[in-house]
Amino acid sequence: MFYYEERYAVIIVGYYGDEQHYKWFTNDAQRQYNVLTEKYGFNDSEIYVLVTLKEEWVDNLSMDPAIIDYNATEDNIIIIFDYLKNIVTKNDLLYVVVINHGNDDHHINFWKLKIFIDFVQGIFAHDTYFVLEKIKKVNNKELNNEGNLAFYHKNNKIDNKIYDYELNDYTKDITARRFIFVLQPCFAGGFINDLSNKNHVVITASKEVQLAFAPFIGEFYYGLEGYANDSNNDGRLSLGEVYEYTANRIFEIIKNNPEENMGQPQHPLIDDNGDKIGHHYSNLGYDTNNKYKDGYVAARIYNLSYEDANLNNLNFEKLN
């Protein structure tokens, strides 16, 4: 059995848009931090939290600001991943969650007209992005108590966007044994063709042509907290079962309240076989018993741990 030597997590919260989303997004960041530390035993020093606070919405802040490490600017995101390139090894786990609004350059006009057409699929999805808050002032903050790396915050690029191909550029040289992305923005399925890799698990709130207004990230956290079903009755809860629980909950929520997603369907996707195409658990491309299809790897990640005889007996548990 293989034991991970180190585990790291990055929580990124981007553009809010309004006070209600500020409350929701900061609460989501706090819940993710709590799940990692309280249920899965991550240390605070292993979690990098990037959140830009809004002084004018202080009454709607739903997280402890003490857990925030850096403003969520593209500069800091780049520096974080550059730092992780130097410390993450092929024996480590890296978990990244993005809590944000999202869009796609090819869907903006359809969004304005509230028309959504499934005309982009798989490897042809492109130009999907999430947006960051604008930062006006410059501050310095150390990476950790040793002060071996300083962070600086400054005005982001004029578009304040991180595109799918940019997120891949910032993370592609990180040699983690297992790299898990969880992406909550609308149209997040468009990130899959860029982030897909043989050692990556990419879970998105929706297809590349869909809104994601139903509470994907909240339901995902419920799953991680232990509310997901042990569907194969093996006595263990896998990341795949958390994904299936979340996708099924989104289906039920929209079925019972179609306006939850503006009357549109929402299909959370997963890609864990590196073929650059994500699948919903109801699709033929998803099969937890077929190692060539999506779902096989995630079904063998237990409680953010991983073990399987056919995949080198990997395990995400941290070495003591």
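In the structure shown, the pairs 54/198; 134/255; 54/172; 161/207 are assessed against 27 Å; a Cα-Cα span above that value is assigned to 54/198; 134/255; 54/172.
Amide H contacts of residue 95 (H built 1.01 Å from N, in plane; Pro and chain starts excluded): 8, 9, 10, 180 sit under 5 Å, all sequence-distant by 5 or more or on other chains.
Phi angles across region 252-259 convert, under the Karplus curve 6.51 cos²θ - 1.76 cosθ + 1.60 with θ = phi - 60°, into 3J(HN,Hα) values of 5, 4, 6, 4, 7, 8, x, 6 Hz, Gly and Pro given as x.
Within region 262-305, the proportion of C-alpha pairs whose separation exceeds 11 Å stands at 64%. Ranked by the mean number of other Cβ atoms within 10 Å of their residues, highest first, the peptides 57-70, 244-257, 181-194 come out as 181-194, 244-257, 57-70.
Sorting 202-210, 41-49 by their mean Cβ neighbour count within 10 Å, with the most densely packed peptide first, gives 202-210, 41-49. Near the amide H of residue 296, within less than 5 Å, lie the amide hydrogens of 287, all on another chain or at least 5 residues away, with H placed in the peptide plane. Its residue count N fixes a reference of 2.2 N^0.38 Å for region 202-304, and the Cα radius of gyration divided by that reference is 1.03.
For region 255-303, the relative contact order comes to 26 percent (Cα pairs under 8 Å, sequence separation of at least 6). Between region 73-105 and region 13-52, what is the C-alpha centre distance in whole Å? Centre-to-centre distance over Cα atoms comes out at 14 Å.
Each value in this text was obtained by applying a stated rule to the coordinates, not by laboratory testing. All values derive from a computational prediction rather than experimental measurement. Neighbour counts are summed over all protein chains in view; Cβ atoms, including those assigned to glycine, are modelled from backbone coordinates with ideal geometry.
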